[in-house]
Amino acid sequence: MTRLSLVPTPIGNLEDITRRALEVLRQADVVAAEDTRRSRVLLDRYGVVTPLERLDAHTMATRAPALLERFEHVAYVTDAGTPGVSDPGAELVRRALAMGAAVEVLPGPTAFVPALVLSGLPTARFTFEGFLPRKGGERRRRLEGIAASSATTVLYEAPQRLAGTLRDLSVACGPDRAASVSRELTKRFETTVRGHLDALARRFEGERVRGEIVVVVGPTEPSPREGEHEGMADALAGAGIRGPQLRAALEALGVPRNEAYAAGLRYPADDAG
């Protein structure tokens, strides 16, 4: 049976590779990599001589089936971190499972966990948004969901879009929502900047930012009347007013937008119960 191993690689400091990861990379029949040039640096550093094949988002459909059929043990690495999180690894897992392959995922580095802890924001409950859509209605809905969330939110962003995303978050969540921006994690110039969204947006406006970016946004503060508002939502939902109609009704009654949005999610229009 074909075996697929997803192998996490360091997000910056090459010393963060685990012994087990190196062992799997050495024992595999082939190492499939999102970017062979970046992966070659790591393999050469630790003397891994396993053959290396490129397998990225553009070649996944054509190369993945052939690799899984040709080799008994395929190890997969992405540019950095744990494969399958906001990268082509997720599609490779789906294809491998559909072909009946055995899939294992090794534990290891990922950027959003250290960024979350470094933020100083609540960590008991959090959501991971990956990369937000660049524009359109889906981006607006995702931003509204972050604004309404009672859990901390973690997301990735490209350097050139950081300032714009911070501005959009400031508008959606309010300028005083607590947040942090982490970049170059585990590298020499690792930086985490903490503050309110409006201040962070102004801080990075016009600045040339490099490296991988993780943005962490604090949860919404509960309203003093949140319990009363929940009762209103329960009553309206019991009367059959749900989803967007419930949200609109609550806003018309003076309920804050983020609470009305959360109630609409709690009682979707297609929920019969």
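The values are calculated or read from the model by the stated rules, or taken from the named source; none is laboratory data. No experiment lies behind these values; they were computed from the predicted model shown. Note that we place each Cβ from the backbone using ideal geometry, even for glycine, and neighbour counts take in every protein chain shown.
Tell me, yes or no, whether segment 216-230 has at least one residue that is assigned to a loop (DSSP other than H, G, I, E, B), closer than 30 Å to residue 17 by Cα, in contact (Cβ under 8 Å) with a residue 40 or more places away in the chain and β-branched (Val, Ile, Thr).
No - not one qualifying residue is present in segment 216-230.
Considering only residues that are assigned to a loop (DSSP other than H, G, I, E, B) and within 24 Å of residue 151 (Cβ to Cβ), look in segment 244-273 and name the one that is modelled with the lowest pLDDT. Please lay out each step first, then the result.
Just the residues of segment 244-273 that are assigned to a loop (DSSP other than H, G, I, E, B), to begin with: 253-256, 267-273.
In the following step, the residues that additionally are within 24 Å of residue 151 (Cβ to Cβ) were identified as 255-256, 267-271, 273.
Values: 255: 84, 256: 82, 267: 90, 268: 90, 269: 85, 270: 72, 271: 56, 273: 48.
The qualifying residue modelled with the lowest pLDDT is 273.
Residue under question is residue 23, and the condition is that it be closer than 17 Å to residue 103 by Cα and more than 29 Å from the chain's Cα centre (by Cα); does it hold?
So residue 23 fails the test.
For segment 8-63, name all the residues that are assigned to a helix (DSSP H, G or I) and in contact with a Phe, Trp or Tyr (Cβ under 6 Å, 6 or more places away or on another chain).
Here is the first cut: in segment 8-63, the ones assigned to a helix (DSSP H, G or I) are 14-16, 19-27, 36-45, 60-63.
Correct list: 22 only.
Which ones in segment 41-58 are under 27 Å from the mean Cα position of the chain (by Cα), loosely packed, with under 15 Cβ neighbours inside 10 Å and farther than 19 Å from residue 187 by Cβ?
Of everything in segment 41-58, those that are under 27 Å from the mean Cα position of the chain (by Cα), loosely packed, with under 15 Cβ neighbours inside 10 Å and farther than 19 Å from residue 187 by Cβ turn out to be 54, 57, 58.
Please determine whether any residue of segment 85-94 is surrounded by fewer than 16 Cβ atoms within 10 Å (Cβ to Cβ) and either farther than 23 Å from residue 113 by Cα or not small (Gly, Ala, Ser) (or both).
To start, the set of residues in segment 85-94 that are surrounded by fewer than 16 Cβ atoms within 10 Å (Cβ to Cβ) comprises 90-91, 94.
Still in the list and also either farther than 23 Å from residue 113 by Cα or not small (Gly, Ala, Ser) (or both): 91, 94.
Within segment 85-94 (the criterion being surrounded by fewer than 16 Cβ atoms within 10 Å (Cβ to Cβ) and either farther than 23 Å from residue 113 by Cα or not small (Gly, Ala, Ser) (or both)), the answer is yes, since at least one residue qualifies.
From the list 71, 126, which residue is over 20 Å from residue 40 (Cα atoms) and in contact (Cβ under 8 Å) with a residue 24 or more places away in the chain?
On the way: 71 fails: over 20 Å from residue 40 (Cα atoms).
Answer to the check: 126.
Only one residue in 176, 198 is surrounded by fewer than 16 Cβ atoms within 10 Å (Cβ to Cβ), farther than 21 Å from residue 111 by Cα and free of Cβ contacts under 8 Å to residues at least 60 places away in the same chain. Which one? Don't jump to the end; show me each part of the working.
Numbers: 198 fails: surrounded by fewer than 16 Cβ atoms within 10 Å (Cβ to Cβ).
Result of the check over 176, 198: 176.
Just checking, which of 242, 183, 247 is buried (at least 16 other Cβ atoms within 10 Å of the Cβ), in contact with a Gly (Cβ under 6 Å, 6 or more places away or on another chain) and not assigned by TED's automatic domain parsing to the domain that holds residue 128? Full working, then the answer.
Details: 242 fails: in contact with a Gly (Cβ under 6 Å, 6 or more places away or on another chain); 183 fails: not assigned by TED's automatic domain parsing to the domain that holds residue 128.
Testing whether each residue is buried (at least 16 other Cβ atoms within 10 Å of the Cβ), in contact with a Gly (Cβ under 6 Å, 6 or more places away or on another chain) and not assigned by TED's automatic domain parsing to the domain that holds residue 128 leaves just 247.
What is the residue count in segment 201-222 for residues that are closer than 23 Å to residue 108 by Cβ and out of contact with any strand residue (DSSP E or B) (no Cβ under 6 Å at 6 or more places or on another chain)? Before the answer, list the steps.
Of segment 201-222, the ones closer than 23 Å to residue 108 by Cβ are 211-216.
Narrowing further to those that are out of contact with any strand residue (DSSP E or B) (no Cβ under 6 Å at 6 or more places or on another chain): 212.
Residues that pass the stated criteria total 1.
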